[in-house]
């Protein structure tokens, strides 16, 4: 019962925090402390839930989807939509990822001077929406949370961004809206076919094959928009470069994973026949992400553009895992979602820290920062190493699993793209080292006095991410086993 | 004894501990503490390694898997584990790495004394030792790859140790990217191999037989090939990993440039241990290579070419560390050649090639490490890498002089020094296995080796001093002691270990070659060639008539000399290739596609939507005549459309 309430609280608490923060004075330090405390409570409860789910999976393994602590209430009776939430292995891990990124995101805006109240308010609503997405198992509820997030993103980027923020915010939100409309259309179609929104029930019903044939690509691409799969990736560089640090961390770390999560959890799970028909063709798009992405990153000078294209290529690997349709590749994709969440969070956090000091994101105008701000520099390098797949950090585990898994798919196109993806790890190394060397090494360009020392909260952010990367990189086995329990039912649906 | 073996995880734990403590706590403020901690832990490691190798070399223990921690299960039997395989090959490598690491640690205390960042240096050095030991004890190829990457990254961090020097930074980047490029093939090879064999474990992989896969096919995407060919192909891919790490031609250019790192780093990483990882990998998977026929031939040709190529370049260089770097390349070529030449024409295996290669890894590690330490001592005195700034250091540094004579004789292959024994076996094996051209190349290279090593020796120590050092030249104890300690293995490892290495062979039974020709004429012939090289070098650089300054002049030379001096312009070719083809070609095209072609399409789509909005807006302009006109047209259309005689017909 306690866990059940805790789960409901996950998305209610951020709203309550916003409500109670209204009377707090704008510039009071208590404001951010209050928000941080609330995010901390959510983080601890998500970790607690993860441990509970883990124990449950160990004690009673099952090939069915195991939904724990479910709450089912009547909600919109007219369309028989229910308030139906619960948690399983995959969603519990995504929750922890989201909670860590939200917590550190609040820390990253610790020194925001103007409009902190509104920023943190919307940030909390953003947090509530992603927690909601990961725990809702009713399609209407899922969609409501999914939409709430895009709206908050617009307000945060347009209000607090930098550079061409209006353009970036519009591009991001409108593109996401296209994706959402595609998702909504298919959800309505599913309801019309079956008369239920319940994901668990739906997974046991086989949707008609002709319906799957038309609906699957729409739904999959609709979700893929937010994960920036080619050709819907164009919002990502513009959006990331305009967004403030915390929002970039959130967007790349959590929001882009929501799309992949939806693809796996809803599109492939509910429409296995459609997946079998369409995913082999979608590999062409994935090839763009995985193979061309790093080359574009090589040619950019703006740190956020580089990281945006780096994210595009890493998310391409998630889709490669999904499209290969073997249990191992699915597991790799899920691991990559978590791993990439942490490493990109660290990437954008350190970029924000560097930008706040140098006031430029152009790597050619920086140099020797390692001398002045070694802590941040090391953080960036570790994120880079995780990104290029250095063993010992999480990126390697995820990538190796995806590669081994997708190689098991004997279809020629999948093999070719897997082989090319493996060979493209060199390209990743090129842009990451180029970036680190230009920016951190060499003689110091900006005088040392202009670069303030690393602040305690910045150290905390870096250390917490590095710990996550190392834990996943050195002890991947429990996480892999945990994810398998969520992925196996999806795979069983595919081969049924 | 067995008790100790069961605690063999300690061998990994000691340097890891040193890395963590130094990296987290001692790195910035307590430089001295960091040095003492990592040196004492490396001493413990060296003692432990000696005990292990005594167990294997003298007591002849059976190979054991000391521990095996399940890292990540994939599917079925495909499980990635982190373990510790102890057999004579890994014991030999553990011994080499630990002893050299200990010597280099002591040396570094002296060498890095005045460097403010020496705390970081010791932390990274421990990271390297940890990764290298993890590589050599790996019982499966997945672990090999994990630590393979870790040695790569520690090498990257140490080459770029002085990260405010642009040359060091670009050298470190080049080294990492080139080896990473090779590693991507290695990873592909591992994945292909594990897909075929369903196992990462060396003992399973080495037990494979091509006949088991008769009639099976495997798709590589575009083409479908027999599984046995795919197995051979994966062996080749795995060898490409070793190709890059051991800096074989044409992926060699990173190694000489890596000399930008501190000299102790060059000594341990870029000569004695890390760069032999490629050779070690081939040796570890030797039975797989043995059944993969032509791959061994590729190994031999690549090795032989690199051997001659690097030795020729070494004859013209002026930078003392680069000479040693090219000499390392050449010696690595010897080892590869030995492994590759083990295959006799009738597909049986002459096991001497395998044992000679491992023997040469062992002896080469000590004398090459020593030569680098000597080079570091010279650089420390004259503050320059250039041979032009040296000369006449014989009297100032008598101990170093004596030690370097021993090391040079060892690498030149003069008995009774260690290099003679291992090189001799390589020559014999190449001859007996029936590769006369390769044998001739190796013989010629041993002449070149003697020539360029003594060129360095005479130019550095003999003649007059060509520069005036800022500080009085002296030998510091901390830097001379490890050099002198290393003379012991350089002197004795040859004839003491000859018998041990002679019995070296993979665990898996191979079809061994029989009726080999006698090769008793080779040792005297090899010595003659080496002596000739030394004599020629003496004539050019140390006799009364010679003029060292003129000999070192690289400007007033013929074109042939200049091409060699500029390393056949490979640096420039690579630079142009990366600039023009990768960055200017592929990456620019990718960005052009993304921004110009695809971006235009996106903009076009958005303007289309906007235009449609404008069109619809115009329809709602509120003009009554327009509405009426549209209404009438619509009615007329509807009327005619419904009266068309289509259905009735």
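Just so it is clear, none of the values below were taken in a lab; they were calculated from the coordinates. Predicted, not measured: the structure shown is a model, and the values here were computed from it. Note that each Cβ is placed from the backbone with ideal geometry, even for glycine, and that neighbours are counted across all protein chains shown.
Normalised by residue number, the volume inside the convex hull of the Cα atoms of region B:223-265 is 81 Å³ per residue. Sorted into 5 angstrom bins from 0, the C-alpha pair distances of region B:427-543 split as 2, 9, 10, 13, 17, 15, 12, 8, 6, 4, 2, 1, 0 percent.
Which log10 I(q)/I(0) values, to two decimals, does region B:67-183 give at q = 0.09 Å⁻¹ under the Debye formula with one point per Cα? Reported log10 I(q)/I(0), two decimals: -0.31. Ratio of Rg to Rh for chain A: 0.95 [Cα atoms; Kirkwood radius as inverse mean 1/r over pairs].
Between region A:430-484 and region A:12-39, the alpha-carbon centres lie 29 Å apart.
For chain B, dividing the convex hull volume of the Cα atoms by the residue count gives 260 Å³ per residue. Helices in chain B, meaning DSSP H runs of at least 4 residues, each add -39500 (n - 2.57). Divided by all residues, the mean residue ellipticity at 222 nm is -21500 deg cm²/dmol.
Once the mean of 1/r is taken over each pair of separate Cα atoms and inverted, region A:18-135 shows a Kirkwood hydrodynamic radius of 16.0 Å. Relative to the longest principal axis of the Cα atoms of chain B, the long axis of helix B:118-136 makes an angle of roughly 90 degrees.
Averaging the inverse of every distinct alpha carbon separation and then flipping it gives the Kirkwood radius. What is it for region A:353-496, in angstrom units? Over region A:353-496, the inverse of the mean reciprocal pair distance is 17.7 Å. Relative to the longest principal axis of the Cα atoms of chain B, the long axis of helix B:624-643 lies at roughly 80 degrees. For region B:293-565, would you read off the P(r) tail past 26 Å as a percentage of all alpha carbon pairs? The share of Cα pairs beyond 26 Å in region B:293-565 comes to 42 percent.
For region B:255-304, pairs of C-alpha atoms spaced more than 16 angstrom apart make up 52 percent of the total.
The translational diffusion coefficient of region B:247-335, from Stokes-Einstein at 10 °C and 1.306 mPa s with a Kirkwood hydrodynamic radius over alpha carbon pairs, comes to 118 µm²/s. Neighbour counts of C-beta atoms inside 10 Å place B:480, B:96 in the sequence B:480, B:96, starting with the fewest.
Direction-averaged projected area, Cα convex hull, region B:186-273: 7.5 nm², rounded to one decimal. Per-residue mean of foreign Cβ neighbours for A:404-413 is 4 (Cβ atoms of other chains, 10 Å radius).
Looking at the square roots a ≥ b ≥ c of the eigenvalues of the Cα gyration tensor of region A:381-457, which shape do they give, rounded for a/c under 1.5, prolate if a/b is larger than b/c, or oblate? Prolate, since a/c reaches 1.5 and a/b exceeds b/c. The calculated FRET efficiency for residue A:492 paired with residue A:75, based on their beta-carbon distance and R0 = 25 Å, is about 0.25. Rg/Rh, computed from the Cα trace of the protein assembly as shown with Rh as the Kirkwood radius, has the value 1.03.
Dimensions of region B:573-639 based on its C-alpha atoms, expressed as ranges along the principal axes with the largest first, amount to 76, 25, 9 Å. Summarising the strand pairing of chain B, around 95 percent of its internal DSSP beta bridges are antiparallel.
Per the Kirkwood formula on distinct C-alpha pairs, the Rh of region B:1-119 is how many angstrom? Hydrodynamic radius (Kirkwood, Cα only) of region B:1-119 equals 15.8 Å. Taking every DSSP beta bridge that has both ends in the protein assembly as shown, the antiparallel portion is near 95%. Arranged from fewest to most other beta-carbon atoms within 10 Å of their beta carbon, B:267, A:21 become A:21, B:267. Starting from the Cα gyration tensor of region A:1-80, take the square roots of the eigenvalues, sort them a ≥ b ≥ c, and report rounded, prolate or oblate (rounded when a/c is under 1.5, otherwise prolate if a/b is larger than b/c, else oblate). The shape class here is oblate.
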